[in-house]
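Worksheet for the structure shown next.
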Amino acid sequence: MNPANHKKIDQAFGTIHAEALQRRNAFKTAPVPKIHIGMATCGIASGALETKKAFEEVLAERNLDARIHTVGCLGHCYAEPVVIIDHPDSGFPPIFYHEVTAGKAKMLAKLFIEEGDPRFEHVYGAMEANDLIPSVMDFSRFNMEKRIVMEKCGYIDPEDIYDYIAEGGYAALVKALQSNPDEIIQAAQNAGLRGRGGAGFSTGRKWELAQKAAGKDKFVICNADEGDPGAYMDRTILESNPHQVIEGMAICAYAVGASKAIVYVRAEYPLAVKLVTKAIRQAEEQGLLGSGILGSSFNLEIDVFQGSGAFVCGEETALFRSIEGYRGTPRHRPPFPVEQGLWDRPTVINNVKTLASIPPILNKGADWYRNIGTENSSGTAIFSIVGNVVHPGLVEIPMGVSLRTLIFDICGGIPNNKKFKAVQIGGPSGGCLNEDFLDTPVDFDSLTAAGAMMGSGGMVVMDEDTCMVEVARYFLDFTQHESCGKCTFCRIGTHHLLKILTRLTKGEGREGDLELLEVLSADIKNGSLCGLGKTAPNPVITSLKYFKDEYEAHINEKRCPALMCRALTAFYFDLDLCARGCDACATCCPVDAVFTTRNRKKGVDQELCVKCGECVVACPPEYDAVRKVSPPDLVPIIEKPSEKT
Amino acid sequence: MPKILVDDREIEAEEGSTLLQACLNNDIYIPNLCYVEGMQYPSSSCRMCFVEIKGQDKPVAACVVTVRENMVVKTETETVRRLQRSALRLLLSVHRVDCKNCQANKKCELQRIAKFLKIGLKPKKLEQYLKEPEIVQEHPCLDYYPNRCVLCGKCLYVCRKQHGQSVLTFAKRGFETIISFYGQDDESKFECEGCTVCVDICPVGALIMRDL
Ligand SMILES: Cc1cc2nc3c(=O)[nH]c(=O)nc-3n(C[C@H](O)[C@H](O)[C@H](O)COP(=O)(O)O)c2cc1C
Ligand code: SF4
Ligand code: SF4
Ligand code: SF4
Ligand code: SF4
Ligand code: FES
Ligand code: FES
């Protein structure tokens, strides 16, 4: 560490930084409107490409001068496609528009960009405080978040390295190159950073072990396998700000003494693969990766590896096997990856979010990070919240916020005046918690103690119409299919669990089933080789514990209390409410199960009915005559007139 | 030579040996299906060889533990037995138990373990799930019985050890996993000469030399 070197690094980065600022300023001060469009996979899925095209067309047609700035994702899934229009001449602050379809885009281009009318009825909120329009920061979905990992997501163009650098990017790498590797590892430890890939292992400790490990040719791997259904934060980060992850990887490699790194991304994430690959090329061009980074003696080559998509390949040892070209199955640990990882070399493997937390920690200091979150879980947690909530999406919050705040304040609670029933946390192997747990703080240890886990950060909120037996069956169906088949408990045990749960949802439960579920679950948990099997029974264990009466109803009364399991429910029409002569339900029934009674009301042929529920939707609300019951034999007998010939 | 205490008996183990090997060498039987002496990376997949080690809160598989001086081990605790019985019952729930007509009869490891753990070969509580077909005859001279195979992987291991590569391989995934053979048309693979190391190591009667 000699000062001459520091100067060289400062100089090399200074040039790049100056260029980035110059470009940023030119963009910012250009006296034209800027249209920021969210173009991550989520935005594109909701039609952002068409939105962009519509803007382009109208701008060209009308000869309007405005810049389109493609950005990543802000995490507000309920609002996609999201567009922010910054039109300084209009006198309005930058405005957040939600659900901007192509039609809306054309309208905004004409009326706002051209004529300066922001169309108040379509405004979601202003991006900064002002006197004209309420700011989005007044909404809890915005102001209760704390963004560290996703701070720049949705604001910068992931395809433009200068955008990231102008926002402070790669300054942490510069700082790292000017420090001792030990200092960096110490900073990660002092920050209290724990791995975001599920287990919550101390990142500083992991790096320290890897640094000390004997052997050359160490590897750093970024785990972006993200196989959990419903979890998409890693994809979003890679698509919205890949450079922050790359910067974190470079710092890690420098700290542990690695010169090769790999980003392991699912092949099902083509946009993420494309954007990370592009970002790596750009960083190489700027001398931020490659040999002699920023004039120092540190070399790093980063490759992208596209994973086969098997869920279990996210498990670190299976991931190595898969890169090595073998069947992706986990192996026993120890030896741990820090000693023998990829190709038996010392390897640090960290999750996307873990690595993306590193640059902010170095920039703002370990103490700053440590003060966010809780004593044993510092920093922020990112959840993808789906299911029965008003504002689903990606949320980054300080650790320690309660489930209640998260679900009811930040995500707007349960829609349609339904009651909260359960929340499943931690991906397919997470636990289902009932309302007694709403005051649980979200942090690694509290969630584990409650029987759930941080896991990947997947969170499914369920309302009163959800059957917990079916939920357990649904998750087991996933994990059972994803078992690699290597070890006895997981391979055969989860199959039995799934078969029993399936029987229960069909009303074929037997005495002794619940005990068997309990015993098997515990044995699979204790006996399995890897994390998949060790956690797969969690949904069964927790739902059995907190919703046992529902299981019992399925077995003893053949009744599904939530009226969800098809085999245990039936539809009929309340003849006191059914309107004579109305045909709404009959015309919509896909299997012609609706018949007309002698006094021109309706009945359901239970033999034919497939329980699709279409008739519920079709029946006009003023009659509201369709009833769903469980068990099915509660249906009153309504005689079907014999077919006239 | 580290001394360890197993079920209150002091034994001497070879430096660097696995706990399972050390016990077996000293006539302390621990049920096991997937371990072969000298393996560098035991697959630890059958989940049969559980023991409890003082200082560790959960049972561990003895095949992946290296002996340490003064290790205190229990092989017969209730927790250990529960896991072993459970693993065996699971294996038997996908097993066609027809010992009378099986070549492995009387030298079968499943029979031995069942006897040792004092449970019957026909599990009562678990349903049976068997695979089709009963016999796979893809290999030129080996018959494979999916409903006898415990997927221990020992056949692959010894084949690779003997020949540098293996004609046998795991195929499919999860519950469907079976042992399969690289086709003879696969140029990169050597041709099986019927050395029978796989047949000999199979702990059950899942690989049989076909009478040609
Ligand atoms: C079945 C299974 C799937 C996993 N999938 C992932 C994954 O998709 N992404 C991830 O980062 N970690 C995953 N993990 C955890 C990894 O094994 C590993 O602990 C993690 O990548 C370490 O990074 P961290 O210390 O930053 O958390 C998985 C673990 C198991 C058992
Ligand atoms: S627990 Fe499941 S996924 Fe893990 S090694 Fe065993 S069979 Fe494979
Ligand atoms: S539930 Fe579906 S199938 Fe049954 S009567 Fe109504 S519309 Fe027809
Ligand atoms: S493999 Fe063993 S348990 Fe199975 S049928 Fe043959 S002898 Fe009986
Ligand atoms: S065929 Fe025999 S040796 Fe091979 S995996 Fe099956 S049980 Fe094990
Ligand atoms: S809006 Fe991008 S992930 Fe939801
Ligand atoms: S012998 Fe140890 S797990 Fe199979």
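The numbers here are math on the coordinates, done by the rules we state, and not lab data. Because the structure is a prediction, the values reported are computed rather than measured. Cβ atoms come from the backbone with ideal geometry, glycine included; neighbour counts cover every protein chain shown.
Cut-off is 10 Å between beta-carbons; in what order do A:Thr374, A:Thr380 appear when sorted fewest neighbours first? Mind showing how you got there, number by number?
Details: A:Thr374 18, A:Thr380 26.
Starting with the residue having the fewest Cβ neighbours, the order is A:Thr374, A:Thr380.
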Shielding by partners for A:329-337, please: the mean number of other protein chain Cβ atoms within 10 Å of each residue's Cβ. 3
Residue span A:Tyr326 to A:His122: 0.36 nm per residue of separation minus Cα-Cα distance leaves a gain in nm of 68.1 nm
Order A:109-117, A:237-245 from most to least packed using the mean count of other Cβ atoms within 10 Å. A:237-245, A:109-117
Can you give the average number of partner chain beta-carbon atoms within 10 Å of each beta-carbon in peptide B:57-67, as a whole number? 2
Set the Förster radius R0 to 35 Å, insert the Cβ-Cβ distance between A:Lys106 and A:Asn416 as r into 1/(1 + (r/R0)^6), and round the FRET efficiency to 0.05. 0.60
When A:Leu544, B:Leu88, A:Leu271 are ordered from fewest to most other Cβ atoms inside 10 Å of their Cβ, what list results? A:Leu271, A:Leu544, B:Leu88
From the Cα gyration tensor of the stretch A:569-634, with a ≥ b ≥ c the square roots of its eigenvalues, which class applies: rounded if a/c is under 1.5, or else prolate if a/b is larger than b/c, or else oblate? rounded
Can you check what the net charge comes to around B:Gln56, using other residues whose Cβ is under 14 Å from the Cβ of B:Gln56 (Lys, Arg +1; Asp, Glu -1)? +2
I need the calculated FRET efficiency for the pair A:Ser308 and A:Lys212, taking r as the beta carbon distance and R₀ as 45 Å, to the nearest 0.05. 0.85
Under 20 Å Cα-Cα from A:Lys611, which lysines qualify once same-chain neighbours fewer than 8 residues away are excluded? A:Lys506, A:Lys558, A:Lys601, A:Lys602, A:Lys628, A:Lys640
Counted charge near A:Leu275, where neighbours are those whose Cβ lies closer than 12 Å (Asp, Glu -1; Lys, Arg +1): 0
Would the stretch A:468-557 count as rounded, prolate or oblate if I go by the C-alpha gyration tensor, calling it rounded below 1.5 in a/c and otherwise prolate when a/b exceeds b/c, oblate otherwise? prolate
Of B:Glu134, A:Glu151, A:Glu226, A:Glu518, how do they rank once you tally other Cβ atoms within 10 Å and put the fewest first? B:Glu134, A:Glu518, A:Glu151, A:Glu226
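Holding the Cα-Cα limit at 24 Å, pick out from B:Lys54/B:Lys115; A:Lys545/B:Lys74; A:Lys274/A:Lys364; B:Lys100/B:Lys124; A:Lys110/A:Lys152 the pairs that are longer than that.
B:Lys54/B:Lys115; A:Lys545/B:Lys74; A:Lys274/A:Lys364; A:Lys110/A:Lys152
Can you compute the FRET efficiency between B:Asp200 and B:Leu121 using 1/(1 + (r/R0)^6), with r the Cβ-Cβ distance and R0 = 30 Å? Round to the nearest 0.05.
Efficiency at R0 = 30 Å is approximately 0.85.
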For every other residue with a beta carbon closer than 11 angstrom to the beta carbon of A:Ala166, add +1 if it is Lys or Arg and -1 if Asp or Glu, then tell me the sum. -1
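Rounded, prolate or oblate: which fits the stretch B:14-117 when a ≥ b ≥ c are the square roots of the eigenvalues of the alpha-carbon gyration tensor, with rounded for a/c under 1.5 and prolate only if a/b beats b/c?
Working: a/c = 2.22, a/b = 1.65, b/c = 1.35.
Judged from the Cα gyration tensor, the stretch B:14-117 comes out prolate (a/c at least 1.5, a/b above b/c).
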Along the Cα-to-Cβ line of A:Val390, 7 Å from the Cα, sits a label point; which residues in the stretch A:123-159 have backbone N less than 18 Å from it? A:123-126, A:134-145
Which three lengths, in whole Å and largest first, does the protein assembly as shown cover when its Cα atoms are put on their principal axes? 98, 91, 55
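Can you flag which of A:Lys421/A:Lys499; A:Lys146/A:Lys548; A:Lys175/A:Lys206 are past 29 Å Cα-Cα?
A:Lys146/A:Lys548
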